[in-house]
């Protein structure tokens with residue numbers, strides 16, 4: 001994977017949301033559709049999927065009904081982490097270490113090229 005592709009992928013992770021996976025019925029019910037072509041094209045944004053299906057019988061006699069519930073939890077990759085990685089690639093963040101020697105501070109000069117940014 002080249003640098004441009006890596007930065008593009010992190011950018012997509014930083015801006016990601018669950019919209020490619022969510023469908024809403026006319027009645028307002030929300031469900032996940034991972035089979036949709038748009039969802040399939042964005043599956044790399046998903047870090048984790050959990051689902052649980054339960055079946056139960058409610059009522060008795062002629063009023064007895066079978067119900068089925070399912071919940072789905074979708075976790076995307078961490079957007080903050082992706083933004084931090086992009087910032088590091090562009091040298092936006094500087095990690096500084098405070099060096100001391102025998103109780104006296106040592107001055108450390110750090111050269112930071114401006115990478116074409118305005119001062």
**OP:** For segment 36-82, count all C-alpha to C-alpha pairs, find those more than 18 Å apart, and express that count as a whole percent of the total.
**Re:** 55
Original post:
Kirkwood hydrodynamic radius of segment 3-105 from all distinct Cα pairs, in Å?
Top reply: 18.0
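Relative contact order for segment 3-105: what percent, with Cα pairs under 8 Å and sequence separation of 6 or more?
Numbers: 102 pairs, mean separation 29.5, N = 103.
Here the relative contact order equals 29 percent.
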Original post:
For the residue pair residue 8 and residue 25, what label-to-label distance in nm results when each label sits 7 Å from Cα along the Cα-to-beta-carbon direction?
Top reply: 3.9
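So, R0 is 35 Å and r is the distance between the beta-carbons of residue 48 and residue 91; what FRET efficiency does that work out to, to 0.05? Mind dumping the intermediate values first?
Working: r = 31 Å, r/R0 = 0.90.
With R0 = 35 Å, the Cβ-Cβ based efficiency is 0.65.
None of the figures in this text is laboratory data; all of them are computed from the coordinates on show. Here the structure is a predicted model, which is why all the values come from computation and not from measurement. Here Cβ is always computed from backbone atoms with ideal geometry, including for glycine, and neighbour counts include all displayed protein chains.
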